[in-house]
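A short worksheet on the structure shown next.
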Amino acid sequence: MAIPKKNQLVGLDVGSHSVKLVEIDHSKRGSILKSFGVVGLPPNAIVEGSVKEIEVVASAIKNLYKNLKVKNRKVATSISGYSVIVKKIELPPKEGADLEATIQEKAEQYIPFDINDVNLDYDLLTPEAEPEEGTTGSSKPKEVMLVAAKKDMVDEYVGLLQLAGLSPMVLDVDAFALQNAFEMSSPEQKGCYALVNIGAEELGINAVKDGVSMFTRDSSYGGAQITDAIMKELKVSYEEAEKIKLGGTKVEKEKAILEEIFTSVVSSWAQEIKRALDFLATTYPDETIERVFLSGGSSRIPGFQKYLEMETGIPVEMFNPFSNLIINERKFDPNYLSYMAPQAAVAVGLALRSIGDK
């Protein structure tokens with residue numbers, strides 16, 4: 001579906017480690033990758049989703065815009081972590097009830113924050129059924145996806161983007177942005193699957209059945225655990241530890257220590273994913289996760305994909321959010337894109353949003 005140019009948004013994924021920008025042009029030929037770039041952030045500029053150094057992050061975003069020569073200042077961004085609650089709830093069939101008021105009333109029991117401190121949004125998953133003859137409403141319970149985000153977190157991100165000279169038009173949740181990107185890149189994927197996104201400080205899981213999210217969970221696991229352990233064990237700086245982690249600096253002497261760090265962190269990720277899948281299996285005994293798709297910068301850790309496959313007994317694949325976009329190879333190096341693809345997934349999903357989206 002082509003989005004009118006005036007409604008197109010730039011996808012801006014503000015992570016704890018880097019900011020990713022994606023711009024997509026929708027044409028009759030299909031969706032074209034127009035801009036893509038990443039800028040790193042200093043450690044502790046963003047901690048557990050909270051912007052600690054707003055000036056630093058805003059200036060990184062400005063530089064990214066300038067270097068990529070992006071003109072569109074209207075952006076879609078997303079949040080995740082503890083300040084966001086995503087929950088699928090069922091509402092009893094009420095006669096001609098005001099859905100919004102019912103949700104507001106019901107939401108309190110599902111949200112661990114004061115209801116006055118959050119922004120609430122919802123999406124009706126079951127289509128409104130036609131009332132049967134002689135009745136005034138549907139007899140089926142309504143399934144609703146409830147999303148609550150802490151107001152201070154939302155204000156923080158809006159303030160950050162405004163400081164960078166941008167207009168935030170859509171505020172999404174990482175899990176849904178990821179799902180959006182996945183559906184565009186793999187439209188033929190049906191049935192039950194799990195999307196696992198591993199960033200620097202967060203591991204997000206979204207289990208999807210026939211295009212509808214059944215369950216999402218964010219945990220504080222990520223690549224930063226490996227960096228921290230390398231800094232501590234090898235007594236090196238953050239920059240040096242990052243290089244070692246990504247295999248850029250070969251460390252022969254401490255090979256055994258490194259292997260131990262990688263193995264213990266990676267196995268903790270696998271256990272966390274396995275716990276979520278086990279929880280899913282008990283909650284939805286009739287559903288079986290057929291595949292796991294990995295994204296996020298830390299999912300590239302060598303050997304992780306195979307290890308996760310072994311631990312869960314489920315086929316695990318890397319997911320490439322660029323796979324269904326038209327790429328001009330004179331403008332983008334295909335090798336660079338395929339290397340960066342896991343990191344770009346959330347930003348691609350955000351760039352597919354348009355003004356007026358829920």
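The set of residues in the stretch 45-69 that are assigned to a loop (DSSP other than H, G, I, E, B) and either under 20 Å from the mean Cα position of the chain (by Cα) or closer than 18 Å to Gly349 by Cα (or both) comprises Ala45, Glu48, Gly49. Sub-9 Å Cβ pairs linking a first residue in the stretch 242-271 that is small (Gly, Ala, Ser) to a second residue that is loosely packed, with under 15 Cβ neighbours inside 10 Å, at least 6 apart or interchain, are Gly247/Pro302; Ala270/Met310, ordered by first then second residue.
Candidates are the residues of the stretch 259-270 that are more than 16 Å from Glu201 (Cβ to Cβ) and small (Gly, Ala, Ser); the one that is surrounded by the fewest Cβ atoms within 10 Å (Cβ to Cβ) is Ser264.
Let me confirm something: among Ala200, Ala256, Ala241, Ala207, which residue is on the phi < 0 side of the Ramachandran plot, surrounded by 13 or more Cβ atoms within 10 Å (Cβ to Cβ) and assigned to a helix (DSSP H, G or I)?
Values: Ala200 fails: assigned to a helix (DSSP H, G or I); Ala256 fails: surrounded by 13 or more Cβ atoms within 10 Å (Cβ to Cβ); Ala207 fails: assigned to a helix (DSSP H, G or I).
Of Ala200, Ala256, Ala241, Ala207, the one residue that is on the phi < 0 side of the Ramachandran plot, surrounded by 13 or more Cβ atoms within 10 Å (Cβ to Cβ) and assigned to a helix (DSSP H, G or I) is Ala241.
Put simply, of Gly165, Gly159, Gly134 the only residue that is over 17 Å from Lys20 (Cβ atoms), exposed (fewer than 14 other Cβ atoms within 10 Å of the Cβ) and modelled with pLDDT of 95 or more is Gly165. In the stretch 220-238, how many are more than 22 Å from Gly40 (Cα to Cα) and either touching a Ser or Thr at 6+ places or on another chain (Cβ under 7 Å) or open to solvent by less than 30 Å² (accessible area, probe 1.4 Å) (or both)? Here the count works out to 1.
Residue-by-condition table, conditions (1) closer than 24 Å to Gln162 by Cα; (2) of a type in the set (A, V, I, L, M); (3) out of contact with any helix residue (DSSP H, G or I) (no Cβ under 8 Å at 6 or more places or on another chain):
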{"site": "Pro42", "(1), (2), (3)": "yes, no, no"}
{"site": "Asn67", "(1), (2), (3)": "yes, no, yes"}
{"site": "Ser83", "(1), (2), (3)": "yes, no, no"}
{"site": "Glu100", "(1), (2), (3)": "no, no, yes"}
{"site": "Ala107", "(1), (2), (3)": "no, yes, no"}
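If you take the residues in the stretch 50-78 that are more than 20 Å from Leu337 (Cα to Cα) and in contact with a Ser or Thr (Cβ under 6 Å, 6 or more places away or on another chain), which one is most open to solvent (accessible area, probe 1.4 Å)? Only one residue tops the list, namely Arg73.
Checked against (1) among the hydroxyl-bearing types (Ser, Thr, Tyr); (2) open to solvent by 10 Å² or more (accessible area, probe 1.4 Å); (3) within 20 Å of the chain's Cα centre (by Cα), Tyr336 passes all but condition (3).
Only residues that are part of a loop (DSSP other than H, G, I, E, B), within 21 Å of the chain's Cα centre (by Cα) and crowded, with 17+ Cβ neighbours inside 10 Å were counted across the stretch 284-322, and they come to 7.
Matching residues to (1) out of contact with any strand residue (DSSP E or B) (no Cβ under 7 Å at 6 or more places or on another chain); (2) at pLDDT 95 or above; (3) of a type in the set (Val, Ile, Thr); (4) open to solvent by less than 50 Å² (accessible area, probe 1.4 Å):
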| site | (1), (2), (3), (4) |
| --- | --- |
| Leu9 | no, yes, no, yes |
| Lys20 | no, yes, no, yes |
| Ile32 | no, yes, yes, yes |
| Leu91 | no, no, no, yes |
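Within the stretch 83-117, if we keep just the residues that are out of contact with any Phe, Trp or Tyr (no Cβ under 9 Å at 6 or more places or on another chain) and acidic (Asp, Glu), the residue that is nearest to Lys150 (Cα to Cα) turns out to be Asp117.
The values are calculated or read from the model by the stated rules, or taken from the named source; none is laboratory data. All figures in this text were calculated on a predicted structure; none of them were measured in a lab. Cβ: placed from backbone, ideal geometry, glycine included. Neighbour counts: every protein chain shown. Areas reflect the complete protein model, heavy atoms only, side chains present, ligands, DNA and RNA absent. Shrake-Rupley method; radii C 1.70, N 1.55, O 1.52, S 1.80 Å.
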